[in-house]
Amino acid sequence: MNPDLLSLLRCPRCRGPLTVVGDPPEALCCTSGDEGRYPIVAGIPRLTNDPYAGSFGRQWNRYDVMREDEDEATFEVKTGMPAVSLAGKLVLDAGCGGGRYSRLVGSHGAMVVGVDLSSAVEKARALCAGLPNVLIAQADLLDLAIADESFDAAFSIGVMHHTPDPRRAFAQVARKVKRGGRLAVWLYRRNTPPQEWINSGLRAVSTRMSARLLEPICAATGVLGSIPVVNRTLNKLVNFSAHPDWTLRVCDNFDWYAPRYQSHHTLHELLSWFDEEGFGDLVELTPAKHGPAYDWAYRHDLIIGSGVNVAGTKR
């Protein structure tokens, strides 16, 4: 395990530094005397447990969603940073899930700390196993036990809106970026009132289903995503993925309907968060997909599952 990256982790209780115990490492212990001890299991420091994100552990461990070329393009669109431009920099992946973006950035030579609350860290660790410059840790974005003002860049793609308090999660991640560092965040967009009402009603049911029952439903809606016209019209009313890859469609559908928490946001709201946390040079990042009809629907908040996406530099 990379000692330089381990040194960035902090005691969740007192924010004091941690020392490594054992060879090979078996735990991290607080050096400030509060007797905090945090196990390292399967090469993953465990700074928290998983109180509400269990569906993501199942999702990322069950579905293989890494697609190298697509991940590279998606990362640049949603962060405004080509992965290759981060070589040699210290980067925080805030909500790494199965680790595809930690792996991508690490493979281009960045030093990466990827954190996630769920057991998806198991998949992320396996995916990044050949990269000693990548550390995966189980940690909570709402109480992020990592050294402040340490990272040259940080990103959070589709994660904060699945926490009980997205604004707090944003502030916690923002604090980890050093002055002059870059932060990019992607959140679900707030749609029109009728769409929000329908979504809330469906999720009131789906979030109470067992995964064993919900997954076949997500697979069935995956079929709808392959039907021309239907996959560009009906999914503006009832959300389902129209991704060309079957596995990713089912995973996207499960990602929408399973999580306990899901909040939607406006561009103005996200821009205000950046400003309040001391970021300037703000840029709205727009989707890669374009066209007259799509652009019109995007501007009018009609595309369910689309995002508000901003990047900025810490003043």
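The values are calculated or read from the model by the stated rules, or taken from the named source; none is laboratory data. Quantities reported herein were computed from a predicted structural model and do not represent experimental measurements. Here the Cβ positions follow ideal geometry from the backbone for every residue, glycine too, while neighbour counts run over all protein chains shown. Surface accessibility is based on the protein's heavy atoms, side chains included, excluding ligands, DNA and RNA. Shrake-Rupley method; radii C 1.70, N 1.55, O 1.52, S 1.80 Å.
The rows are residues; the columns are (1) closer than 19 Å to residue 243 by Cβ; (2) modelled with pLDDT under 95; (3) open to solvent by less than 50 Å² (accessible area, probe 1.4 Å); (4) in contact with a Leu (Cβ under 7 Å, 6 or more places away or on another chain).
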{"site": "68", "(1), (2), (3), (4)": "yes, yes, no, no"}
{"site": "85", "(1), (2), (3), (4)": "no, no, no, no"}
{"site": "93", "(1), (2), (3), (4)": "no, no, yes, no"}
{"site": "104", "(1), (2), (3), (4)": "yes, no, yes, no"}
{"site": "107", "(1), (2), (3), (4)": "no, no, no, yes"}
{"site": "111", "(1), (2), (3), (4)": "no, no, no, yes"}
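Report whether or not residue 77 is open to solvent by less than 60 Å² (accessible area, probe 1.4 Å) and either at pLDDT below 95 or more than 17 Å from residue 110 (Cβ to Cβ) (or both).
Numbers: open to solvent by less than 60 Å² (accessible area, probe 1.4 Å): yes; either at pLDDT below 95 or more than 17 Å from residue 110 (Cβ to Cβ) (or both): yes.
Considered against the rule, which asks whether it is open to solvent by less than 60 Å² (accessible area, probe 1.4 Å) and either at pLDDT below 95 or more than 17 Å from residue 110 (Cβ to Cβ) (or both), residue 77 comes out as yes.
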Q | Hey, residue 222 among the small types (Gly, Ala, Ser) and within 30 Å of residue 83 (Cβ to Cβ) or not | A | yes
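Right, residue 174: closer than 24 Å to residue 93 by Cα and open to solvent by less than 50 Å² (accessible area, probe 1.4 Å) or not? Show your work before the answer.
Values: closer than 24 Å to residue 93 by Cα: yes; open to solvent by less than 50 Å² (accessible area, probe 1.4 Å): yes.
Yes.
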Q: Quick one: which residue in 299, 260, 249, 208 is open to solvent by 50 Å² or more (accessible area, probe 1.4 Å) and touching a residue at least 12 places away in the same chain (Cβ under 8 Å)?
A: 260
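Restricting attention to segment 1-17, which residues are open to solvent by less than 50 Å² (accessible area, probe 1.4 Å) and under 25 Å from the mean Cα position of the chain (by Cα)?
Step one: list which residues in segment 1-17 are open to solvent by less than 50 Å² (accessible area, probe 1.4 Å), which gives 2, 5-6, 8-9, 11-12, 16.
Once the filter is applied, which keeps residues that are open to solvent by less than 50 Å² (accessible area, probe 1.4 Å) and under 25 Å from the mean Cα position of the chain (by Cα), segment 1-17 yields 2, 5, 6, 8, 9, 11, 12.
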Q) Is at least one residue of segment 185-205 open to solvent by less than 10 Å² (accessible area, probe 1.4 Å), at pLDDT 95 or above and out of contact with any helix residue (DSSP H, G or I) (no Cβ under 9 Å at 6 or more places or on another chain)? A) no
Q) For segment 263-296, how many residues meet the condition of being closer than 19 Å to residue 231 by Cα and in contact (Cβ under 8 Å) with a residue 60 or more places away in the chain? A) 2
Q) Does segment 207-217 contain any residue that is part of a loop (DSSP other than H, G, I, E, B), among the hydrophobic types (A, V, I, L, M, F, W, C) and farther than 20 Å from residue 160 by Cβ? A) yes
